[in-house]
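The values are calculated or read from the model by the stated rules, or taken from the named source; none is laboratory data. Just so it is clear, the model here is predicted, and its values are computed rather than measured. Cβ placement follows ideal geometry from the backbone for every residue including glycine, while neighbour counts extend to all protein chains displayed. These accessible areas exclude ligands, DNA and RNA; they are computed on the full protein's heavy atoms, side chains included. Shrake-Rupley method; radii C 1.70, N 1.55, O 1.52, S 1.80 Å.
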Number of protein chains: 4
Amino acid sequence: MEFSTKDKFTFIGVIGGSEVSPDIARQAEEVGRKIALRGAVLVCGGLTGVMEAACRGASEAGGLTIGILPGDSRRTANPYVKIPIVTGIGYARNVAVVKTSQAVIAIDGSYGTLTEIAYALQSGIPVIGLGTWSISIDGQEETSIHRAASPQEAVEKAFTILKNQY
Amino acid sequence: MEFSTKDKFTFIGVIGGSEVSPDIARQAEEVGRKIALRGAVLVCGGLTGVMEAACRGASEAGGLTIGILPGDSRRTANPYVKIPIVTGIGYARNVAVVKTSQAVIAIDGSYGTLTEIAYALQSGIPVIGLGTWSISIDGQEETSIHRAASPQEAVEKAFTILKNQY
Amino acid sequence: MEFSTKDKFTFIGVIGGSEVSPDIARQAEEVGRKIALRGAVLVCGGLTGVMEAACRGASEAGGLTIGILPGDSRRTANPYVKIPIVTGIGYARNVAVVKTSQAVIAIDGSYGTLTEIAYALQSGIPVIGLGTWSISIDGQEETSIHRAASPQEAVEKAFTILKNQY
Amino acid sequence: MEFSTKDKFTFIGVIGGSEVSPDIARQAEEVGRKIALRGAVLVCGGLTGVMEAACRGASEAGGLTIGILPGDSRRTANPYVKIPIVTGIGYARNVAVVKTSQAVIAIDGSYGTLTEIAYALQSGIPVIGLGTWSISIDGQEETSIHRAASPQEAVEKAFTILKNQY
């Protein structure tokens with residue numbers, strides 16, 4: 001495989017828990033597949049659950065997958081991670097997953113996912129939510145999470161937002 | 001000042017944004033004061049806003065205050081931080097603020113505070129909320145945040161939970 | 001560009017300072033070029049100096065380059081980084097540069113490079129030294145750094161060690 | 001125990017390996033004791049070996065001790081740590097140990113200690129070496145490590161440098 005010096009990648013993050021239902025996994029896989037088919041690189045936390053399903057989808061569609069791992073060994077990456085980033089910094093790596101992405105698609109709702117949504121909102125990185133957390137304060141819902149009803153819509157929204165933003 | 005080898009500290013975190021209204025600052029100061037009067041050490045992110053107000057309250061009541069700073073210099077700490085921890089790791093330090101605390105009191109609602117609430121829930125560290133974020137998924141509210149209506153109640157709840165837990 | 005699910009990458013780190021002489025830069029560029037020609041992915045800290053020269057060499061030879069950045073923006077990467085990892089954790093990211101690499105080639109000698117050599121030795125990751133630090137204690141030189149006299153030899157040693165190790 | 005708002009602490013780091021000979025441990029304990037007797041706060045990595053010995057010395061002399069821990073639990077701190085900072089970021093915490101200190105005393109020589117020496121030199125934080133690493137490049141020894149021949153001399157040098165610096 002050869003890379004041209006002209007290649008310029010787009011990076012889309014997929015964030016979600018490490019233990020998920022088969023239905024959620026199917027949605028994550030579809031999100032990953034569509035990201036790859038659109039030519040973008042998938043960024044995630046590199047572990048199981050949503051992360052593995054998304055990597056499988058992207059990888060089987062010929063895409064490049066980055067797993068930013070919390071632990072000390074590349075062996076902890078799921079088998080569909082092409083580029084394991086071994087941070088050794090534990091769940092503080094959630095910041096790096098978010099900042100490495102130009103937009104993130106949040107699927108389902110572990111607490112780790114919530115840290116990543118909040119870091120993305122703090123950093124001004126667009127968040128697309130697919131069946132994920134709602135957050136509110138004083139009865140006012142936070143509206144800066146872009147809601148999607150399907151994997152298709154989530155990926156479309158991510159690319160539309162990026163296109164308008166840059 | 002001298003420490004006995006028998007001294008054993010309790011660590012209570014106060015998390016909240018760096019820019020807040022005077023009313024929120026008053027509440028944070030009261031929380032800090034009460035933590036110190038109960039003999040616990042106050043842990044926070046060491047900067048302005050809720051963090052500074054809480055440190056001022058604790059410090060003026062003779063308490064010990066720890067500020068876990070994101071940046072590279074102890075000079076970034078607010079003037080009421082007795083023990084500046086200079087991490088140099090940016091907002092990844094939010095993990096350390098939470099893990100260093102045996103319980104956290106979340107006041108008001110910046111996005112950074114939300115990362116800390118989520119890290120605390122992930123780590124099983126009790127969260128007491130004072131006018132802070134509500135989070136829900138699929139219409140179900142996350143109930144593991146203990147709600148308090150006043151600084152007094154927030155601090156009481158923190159100590160009651162700790163007493164029952166250990 | 002398309003990736004097969006069978007692709008398996010080898011990751012070689014190049015560590016060195018952000019300000020270097022033209023001669024050192026030439027050596028770093030040659031190291032990068034040879035890493036790419038051997039089909040491995042180049043890992044580095046993503047900034048200027050040795051990092052930029054090595055990325056330029058690898059990129060111009062059609063290779064893939066990863067820059068693990070200390071700051072908060074992908075814009076801080078040198079122009080030859082294909083995959084910017086935006087950590088936001090400052091120089092604590094040196095750990096991740098090392099752990100993401102299966103072997104590291106240390107060129108010249110900034111203090112940051114020394115942190116990376118030491119992290120690599122601590123983690124059991126092979127270090128090849130090209131005009132870099134010597135370290136000793138009680139008059140005994142640390143011999144686990146593999147010395148190379150040329151870019152060619154440095155890259156050869158890295159691949160030979162990896163081949164024998166795995 | 002009560003703190004005056006006027007109290008201002010000096011922070012001295014002690015860095016060294018987690019497994020050491022009885023002789024090294026005795027030296028570390030003496031360093032810790034003298035730091036406490038001079039009224040400064042001892043900062044360290046919070047674990048065993050040099051860190052535990054230094055904390056024991058400081059603690060028994062009535063001093064305050066901070067242990068900046070790599071792991072996820074305060075239970076990993078040695079018993080003489082009064083203030084455990086639970087970072088959860090692994091050995092990336094070495095940066096925080098150094099930056100939290102106004103000067104560091106390096107004892108003996110693990111690889112972790114070498115990362116800390118290098119981070120300190122990079123950050124302009126004075127390093128006093130007691131039987132620790134020597135580093136050189138191109139046959140030139142790095143002379144910015146201040147050498148001490150005894151615990152007494154190491155602590156004196158640390159305070160003298162700080163006094164002249166601020």
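Let me confirm something: among D:Ser134, D:Ser144, which residue is within 8 Å of chain C (Cβ to nearest Cβ) and either over 30 Å from B:Ser123 (Cβ atoms) or modelled with pLDDT under 95 (or both)?
When all the criteria are applied, what remains is D:Ser134.
Residue check, B:Lys157 against (1) within 7 Å of another protein chain (Cβ to nearest Cβ); (2) open to solvent by 10 Å² or more (accessible area, probe 1.4 Å), all met but one. Which one?
For B:Lys157, the failing item is (1).
Just a yes or no: is a residue in region B:66-81 surrounded by fewer than 24 Cβ atoms within 10 Å (Cβ to Cβ), within 20 Å of D:Ile125 (Cβ to Cβ) and of a type in the set (Val, Ile, Thr)?
The answer is yes, given that some residue of region B:66-81 is surrounded by fewer than 24 Cβ atoms within 10 Å (Cβ to Cβ), within 20 Å of D:Ile125 (Cβ to Cβ) and of a type in the set (Val, Ile, Thr).
Within the group A:Val86, A:Val20, which residue is of a type outside the set (Ser, Thr, Tyr) and open to solvent by less than 20 Å² (accessible area, probe 1.4 Å)?
Checking each option against the conditions leaves just A:Val86.
Go over the candidates A:Glu52, A:Glu60 one by one and state the one that is surrounded by fewer than 19 Cβ atoms within 10 Å (Cβ to Cβ), touching a residue at least 12 places away in the same chain (Cβ under 8 Å) and not aromatic (Phe, Trp, Tyr).
Unique residue meeting the criteria: A:Glu60.
Could you please let me know if A:Ile125 is open to solvent by 10 Å² or more (accessible area, probe 1.4 Å), modelled with pLDDT of 95 or more, within 23 Å of C:Pro70 (Cα to Cα) and β-branched (Val, Ile, Thr)?
yes
Take A:Ala92 and tell me if it is in contact with a strand residue (DSSP E or B) (Cβ under 7 Å, 6 or more places away or on another chain) and open to solvent by less than 20 Å² (accessible area, probe 1.4 Å).
In short, no.
Does region A:51-59 contain any residue that is within 20 Å of C:Leu42 (Cα to Cα) and modelled with pLDDT of 95 or more?
No - not one qualifying residue is present in region A:51-59.
So, in region C:102-115, of the ones that are among the small types (Gly, Ala, Ser) and within 25 Å of D:Lys99 (Cβ to Cβ), which residue ends up surrounded by the most Cβ atoms within 10 Å (Cβ to Cβ)?
Looking at residues that are among the small types (Gly, Ala, Ser) and within 25 Å of D:Lys99 (Cβ to Cβ), I get C:Ala106.
Out of region B:115-157, which residues are aromatic (Phe, Trp, Tyr) and in contact with a Phe, Trp or Tyr (Cβ under 8 Å, 6 or more places away or on another chain)?
Passing the criteria: only B:Tyr119.
Go through region D:11-34 and count every residue that is among the β-branched types (Val, Ile, Thr) and under 10 Å from the mean Cα position of the chain (by Cα).
Within region D:11-34, residues that are among the β-branched types (Val, Ile, Thr) and under 10 Å from the mean Cα position of the chain (by Cα) number 4.
Can you tell me how many residues within region D:114-131 are under 22 Å from D:Ala28 (Cα atoms) and either part of a helix (DSSP H, G or I) or more than 13 Å from chain C (Cβ to nearest Cβ) (or both)?
Residues flagged as under 22 Å from D:Ala28 (Cα atoms) and either part of a helix (DSSP H, G or I) or more than 13 Å from chain C (Cβ to nearest Cβ) (or both) within region D:114-131 amount to 10.
What's the total number of residues in region A:132-166 that are basic (Lys, Arg) and part of a helix (DSSP H, G or I)?
Summing the residues that are basic (Lys, Arg) and part of a helix (DSSP H, G or I) in region A:132-166 gives 2.
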